[in-house]
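Q: One structure is given below, represented as structure tokens, and several questions about it will come after.
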Amino acid sequence: MNLRNVIIETLQNEVKPAMGCTEPVAVALAAAKASAQLMGEEICELDIKVSPNIFKNGLGVGIPNSDYIGLDIAASLGAIGGDSDSGLKVLETITPDHEQVALALISEGKLKVSVADTDLKIYILAKVKSKNHVGIAEIKNKHDQITYVKADDQVVLKEETQTSKANYNADMIYESKISTIIETISEMDYESLAFLKDGIDMNLKMAEAGLSEGIGIGVGSGLMKSVEEGYLSKDLMTDAMILTAAASDARMSGMNLPVMSSNGSGNNGLTAILPIVAYLKRNDVSDEQLVKALAISHIINCYIKNQIGRLSALCGCSIAAATGATAALSWLMGSDQEIIEGAMKDMIADVSGTICDGAKLGCALKLSTAASVAVKYALLAKHKRIVPQRNGIIAGTIETTIDNLGRLSNEGMQLTDEVIFNIMKEMNEGQEIQRLHHS
């Protein structure tokens with residue numbers, strides 16, 4: 001298979017609609033799949049085990065179709081009323097009646113969520129019991145990748161069955177030079193990438209919802225007010241900040257709308273797409289240029305996250321998705337390959353230390369920063385203001401620089417990840433299920 005086809009298949013597999021934060025939604029998906037094995041009987045017991053990274057990313061985020069926060073309500077809602085055939089839109093079918101049953105299940109002590117002893121970043125095991133049946137479902141490595149299902153004593157699905165979905169060589173991308181990837185995308189036809197346009201409408205609707213009063217912290221609406229009051233100018237950087245932050249405000253509040261995710265993360269999808277939308281609003285961009293820019297943004301995000309991990313101690317939105325966005329913006333501005341890679345180096349030189357301390361309302365703050373610097377470094381590099389090699393982790397090539405970023409994440413940040421997890425776990429021990437408070 002050639003690189004062009006691998007890029008298309010990677011985009012088709014990694015750019016998907018998702019409703020709600022993907023970590024608690026993945027827990028809901030596992031719970032829904034396990035519950036589907038109970039033959040319709042009432043749930044007596046629900047036991048959920050998750051990896052530390054899933055745990056920290058599910059504690060502080062709003063859940064779609066619910067007024068509550070966290071993994072407990074996500075798991076309960078998934079088991080009670082989730083549609084296990086809908087993937088990461090599993091909670092789309094939830095009603096207020098489902099929420100009341102889910103809250104009762106929690107208050108009656110029928111739910112247990114614990115941390116699994118695993119080195120996997122993405123791991124969820126859901127075990128659901130009724131009077132006469134037991135259902136088990138397991139998710140590994142990708143948020144929507146169900147690798148094992150068991151109904152009573154019968155194994156319904158094994159991992160071998162699931163892996164057949166990924167029968168293409170995605171490693172071909174990660175072993176290629178960035179210049180080759182961007183050149184290949186630049187030569188693609190519009191029709192092969194047209195499906196990426198769906199993400200614009202989807203993520204823009206979430207941003208528009210986030211500009212309403214009382215959503216999340218209100219980072220997007222607050223920046224908009226600052227423009228109206230004359231403290232900020234309405235320029236490309238500010239527009240990118242407002243759109244991306246507002247979308248995160250709404251999404252982290254559990255807004256009942258899907259977004260187009262990127263590499264398993266809805267916030268990555270917002271960051272990869274919305275700065276490009278801000279540029280689109282101010283410049284003449286053909287549909288063909290637009291879908292190619294989106295492809296560049298998503299593939300660079302995937303490329304970097306392949307090195308740092310889908311979940312890590314580093315903020316994937318700031319470091320991976322925003323670097324993809326700056327590469328795409330630089331390409332749209334007509335920059336050559338040296339300038340595009342320079343913009344990516346500038347980005348990594350700036351934001352490489354941004355930590356991920358879980359998914360939460362405050363993610364909107366980081367996404368506003370990520371969107372603004374995506375624009376900033378496309379512009380700085382255009383004027384040849386590029387960080388030289390051997391400055392910190394910045395190497396002579398962008399590929400080695402990204403390798404260095406991967407080492408930072410996988411070798412250097414492991415203790416940081418543990419400390420973040422322990423801090424968050426200690427703050428949440430013994431706490432009752434939390435209702436979502438709007439600003």
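Bear in mind these aren't lab numbers, they're just calculated from the coordinates by the rules spelled out. Everything quoted here is computed from the prediction, not taken from an experiment. Every residue, glycine as well, gets a Cβ built from its backbone with ideal geometry; the counts of neighbours run over all protein chains shown.
Q: Looking at the range 277-330, I'd like the Rg to Rh ratio, where Rg is from alpha-carbon atoms and Rh is Kirkwood's inverse mean 1/r.
A: Dividing the radius of gyration by the Kirkwood radius yields 1.06.
Q: When each pair of different Cα atoms in the range 226-342 is counted once in the 1/r mean, what is the Kirkwood radius in angstroms, to one decimal?
A: 14.7 Å
Q: Hey, if you drop one equal point scatterer on each alpha-carbon of the range 97-137 and run the Debye formula without solvent, what base-10 log of I(q)/I(0) do you get at q = 0.15 Å⁻¹?
A: Result of the Debye calculation: -0.52.
Q: Now, a different point. Mind sorting out which of (i) 21.8; (ii) 25.8; (iii) 20.9 is the real Kirkwood radius over Cα pairs in Å computed from the coordinates?
A: Step by step, Kirkwood radius over Cα pairs in Å for this structure corresponds to label (i).
Q: In what order do E411, E341, E399, E418 fall by count of nearby beta-carbon atoms within 10 Å, going from fewest to most?
A: By the 10 Å Cβ count, ascending: E411, E418, E399, E341.
Q: Among the listed pairs K225/K360; K205/K425; K56/K305, give every one whose C-alpha distance is greater than 26 Å.
A: Exceeds cut-off: K205/K425.
Q: For the chain, what is the charge dipole size about the Cα centre, in debye to the nearest 20, if Lys and Arg each add +1 at the Cβ and Asp and Glu each add -1 at the Cβ?
A: The calculated dipole for the chain is roughly 600 debye.
Q: If each residue's Cβ is checked for other Cβ atoms within 10 Å, how do E23, E45 rank with the fewest at the top?
A: By the 10 Å Cβ count, ascending, the order reads E45, E23.
Q: Further, regarding this structure: Write down the Kirkwood hydrodynamic radius of the range 176-424, to one decimal in angstroms, obtained as one divided by the mean of 1/r over all alpha carbon pairs.
A: Its Kirkwood hydrodynamic radius stands at 17.8 Å.
Q: From the mean inverse distance of alpha carbon pairs (Kirkwood) and the Cα radius of gyration, derive Rg over Rh for the range 302-364.
A: Across the range 302-364, the Cα-based Rg/Rh ratio is 1.02.
Q: How long are the semi-axes of the equivalent ellipsoid of the range 192-253, defined as square roots of 5 times the Cα gyration tensor eigenvalues? Whole Å, largest first.
A: That gives 23, 15, 7 Å for the three semi-axes.
Q: Can you give the direction-averaged projected area of the convex hull of the alpha-carbon atoms in the range 19-164, in nm²?
A: Average projection, Cα convex hull of the range 19-164: 7.8 nm².
Q: Next question, about the same structure. Given the pairs K16/K292; K292/K384; K121/K197, which span a C-alpha to C-alpha distance of over 20 angstrom in this model?
A: Beyond 20 Å: K292/K384; K121/K197.
Q: Per DSSP helix of 4 or more residues, -39500 (n - 2.57); summed, then divided by the residues of the chain. What does that give at 222 nm, rounded to the nearest 500?
A: Per the formula, -16000 deg cm²/dmol.
Q: When only alpha-carbon atoms are used, what values of Rg and Dmax, in angstrom, describe the range 170-308?
A: Using the Cα atoms of the range 170-308, the pair Rg, Dmax is 16.0, 50 Å.
Q: Report, ordered by chain and residue number, the aspartates and glutamates lying within cross-link reach of K140, taken as a straight Cα distance under 18 Å and ignoring same-chain residues fewer than 8 apart.
A: Within the straight-line cut-off, K140 pairs with E14, E23, D47, D85, D117, D119, E159, E160.
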